[in-house]
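Take a look at the structure below.
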Amino acid sequence: MRRCAVGTLLALALAARAEEGATPKKVTFASEDGLTVTADLYLAHEDAATPFIVLFHQARSSRGEYREIAPRLARLGFNCLAVDQRSGAKALEVDNETAQRAAEQEKEASYLAARQDMVAALRHARKTWAKGKLIAWGSSYSASLALEIVGADATLADGVVSFSPGEYFQKLGKADTWIRDSVAGLACPVFITSARKEKPMWEAIYEAIPAEGKRCYVPEKDGRHGSSALWSRFDFSEDYWKAVTAFLRTHFVPQKETEGA
């Protein structure tokens, strides 16, 4: 009985900590060109070895894209950092502060220009909070860049979650196979998903990934573009959650998972 009671108290304590960490704390850090980047930190678990996810938004969006998603990831046993890249605008009434600064300072704010913000975020997370496994999670253009970035430097992340990647960079001077070519040496676990109709946009990229730990998910229904497919307002969101949760549990196995996720 005593052992059972202790276990129950521990579970309740972990759940309370996860809920506390589900409230974001605004933080800033410098991008590679010195631009100040804003992000929301969801530090739900005290152990520095807790798996850590760096969350990147889609075009015309902001860190607000993850205001509903990050707390659920916290309850699953992850700490998170949701980043404002300079290529973005607003999501769920949360303004993209990095994009605002870039405009004020007349800095380039293309998809490719945002790459340096993503690299800086991964490095800052690794240095400051993440002593265990680190996952790069992208949405739309940042889903593609997450694959390319980790393909170019395997030390930046231990896994990639990619919602709606594609070859979005031809107009910015990149080859129409840039992302596919960049993943040729990607050895870490990778998860790719999208709206159903978008599968042709990433199928060749997925096939080019040599990692044994790669997984993909194509919804039975139409689904939705980007990470917002996980928002609870959509009746298909739980199917996406089941797929991405299975991937995360298989490869990153949080030890502090709490009830109710």
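The values are calculated or read from the model by the stated rules, or taken from the named source; none is laboratory data. Note that the structure is a prediction, hence the values are computed from the model and not measured. No Cβ is skipped: glycine too gets one built from the backbone with ideal geometry, and neighbour counts run over all protein chains shown.
Some observations on this one:
- Residues within the stretch 38-97 that are among the charged types (D, E, K, R), part of a helix (DSSP H, G or I) and buried (at least 24 other Cβ atoms within 10 Å of the Cβ), tallied: 2
- Among the residues of the stretch 155-172, those that are in contact with a Phe, Trp or Tyr (Cβ under 8 Å, 6 or more places away or on another chain), small (Gly, Ala, Ser) and under 18 Å from residue 250 (Cβ atoms) comprise 159, 162.
- The test for being modelled with pLDDT of 95 or more, hydrophobic (A, V, I, L, M, F, W, C) and either over 20 Å from residue 178 (Cβ atoms) or within 16 Å of the chain's Cα centre (by Cα) (or both) holds for residue 102.
- Counted residues, the stretch 127-166 - those being part of a helix (DSSP H, G or I), in contact with a helix residue (DSSP H, G or I) (Cβ under 9 Å, 6 or more places away or on another chain) and buried (at least 20 other Cβ atoms within 10 Å of the Cβ): 11
- Residue satisfying all of: in the stretch 169-185; assigned to a loop (DSSP other than H, G, I, E, B) and either crowded, with 22+ Cβ neighbours inside 10 Å or polar (S, T, N, Q) (or both); nearest to the chain's Cα centre (by Cα) among these: 183
- Against the criterion of being of a type in the set (D, E, K, R) and on the phi > 0 side of the Ramachandran plot, residue 106 qualifies.
- Single residue of 132, 151 found to be in contact with a Gly (Cβ under 8 Å, 6 or more places away or on another chain) and more than 24 Å from residue 60 (Cα to Cα): 151
- Condition check for residue 184: in contact (Cβ under 8 Å) with a residue 60 or more places away in the chain and of a type outside the set (Phe, Trp, Tyr): no
- Consider the stretch 22-37 and keep the residues that are surrounded by fewer than 18 Cβ atoms within 10 Å (Cβ to Cβ) and polar (S, T, N, Q). The one that is farthest from residue 75 (Cα to Cα) is 36.
- Of all residues in the stretch 102-125, exactly one satisfies the criterion of being in contact with a strand residue (DSSP E or B) (Cβ under 6 Å, 6 or more places away or on another chain) and charged (D, E, K, R), namely 117.
- Verdict on residue 215 being without any contact (Cβ under 8 Å) to a residue 60 or more places away in the chain and closer than 22 Å to residue 51 by Cβ: yes
- Residue check, residue 119 of a type in the set (A, V, I, L, M), touching a residue at least 60 places away in the same chain (Cβ under 8 Å) and closer than 25 Å to residue 179 by Cα: yes
Each row is one residue, and each column tells you yes or no for (1) under 23 Å from residue 43 (Cβ atoms); (2) of a type in the set (Lys, Arg); (3) modelled with pLDDT of 95 or more.
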residue	(1), (2), (3)
92	yes, no, no
98	yes, no, yes
107	no, yes, yes
111	no, no, yes
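- Flag if residue 205 is within 22 Å of residue 57 (Cβ to Cβ), modelled with pLDDT of 95 or more and buried (at least 21 other Cβ atoms within 10 Å of the Cβ): yes
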